[in-house]
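Student: One structure coming up, written as structure tokens, with questions to follow.
The values are calculated or read from the model by the stated rules, or taken from the named source; none is laboratory data. Quantities reported herein were computed from a predicted structural model and do not represent experimental measurements. All Cβ positions, glycine included, derive from the backbone under ideal geometry; neighbour counts span all protein chains shown.
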Amino acid sequence: MQRIKNFFRRFWAIANRPSTHLSVGFLTLGGFLGGVLFWGGFNTALEYTNTEEFCISCHEMAANPYEELTRTVHFTNRSGVRAACSDCHVPHEWTHKIARKMQASKEVWGHIFGTIDTREKFEEHRLHMAKLEWARLKSNDSLECRNCHSEVAMDFTRQSPRAADFHQRFLVQAEVYTCIDCHKGIAHQLPDMTGIDPGWLPPEELRQEVGLQ
């Protein structure tokens with residue numbers, strides 16, 4: 001422990017000592033270029049972690065949520081617009097994105113220790129993981145959904161009567177309901193909802209229609 005303390009003391013003494021050979025301009029330029037290189041490398045690595053290739057590089061993601069996604073309208077549809085993992089699970093704004101990345105760091109530990117490395121383990125944890133995402137989307141007013149879907153751009157006349165009715169009634173009540181309240185299971189299989197707290201279920205008016213009591 002003393003060796004570590006001595007190392008940091010020597011390092012700080014060197015770092016804190018004024019340069020006797022290099023000009024202030026050179027040091028300033030060097031610091032600027034170093035900052036640019038660091039920022040470029042950091043941002044490149046950050047964006048790579050948002051790619052679908054990275055997200056499904058581990059078996060548990062490729063074999064479970066990604067496989068389920070391929071069977072939904074978010075993966076294949078008439079318009080040819082596909083939602084990648086990061087579109088739904090990572091906010092676009094910088095501050096929200098960094099907060100999400102920090103939160104996701106514990107998922108790396110889950111991968112290392114094999115928390116959900118089998119289908120049986122994944123199913124065992126599915127409800128817990130779903131609740132975490134539902135709560136996150138509820139707290140940010142379904143921010144990721146609204147990055148692509150906007151109520152002001154919706155043509156209710158081209159929706160089914162049921163969808164148009166509920167969108168017009170509930171979409172404007174953002175302080176009460178948000179997208180994830182009704183669209184749980186939109187891209188992945190729902191967990192077993194038997195006996196779940198009603199607070200996690202869609203609005204009461206919708207429960208019977210979507211098969212949840």
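Student: So, LYS97, is that one at pLDDT below 90, of a type in the set (D, E, K, R), in a helix (DSSP H, G or I) and over 15 Å from MET61 (Cα atoms) or not?
Tutor: Yes; evaluated as a whole, the condition is true for this residue.
Student: Output the residue which, of all residues in region 167-187 that are buried (at least 17 other Cβ atoms within 10 Å of the Cβ) and under 13 Å from LEU137 (Cβ atoms), is modelled with the lowest pLDDT.
Tutor: So, considering only residues that are buried (at least 17 other Cβ atoms within 10 Å of the Cβ) and under 13 Å from LEU137 (Cβ atoms), the one modelled with the lowest pLDDT is TYR177.
Student: Continuing with the same structure: At pLDDT 85 or above, exposed (fewer than 14 other Cβ atoms within 10 Å of the Cβ), outside any loop (DSSP other than H, G, I, E, B) and among the charged types (D, E, K, R), is that true of GLU120?
Tutor: Criteria met by GLU120.
Student: Do you know which of the residues in region 137-155 that are in a helix (DSSP H, G or I) and free of Cβ contacts under 8 Å to residues at least 24 places away in the same chain is nearest to VAL81 (Cα to Cα)?
Tutor: The residue in question is ALA153.
Student: Which ones in region 43-98 are of a type in the set (Gly, Ala, Ser) and farther than 21 Å from ARG136 by Cα?
Tutor: ALA45, SER57, ALA62, ALA63, SER79, GLY80
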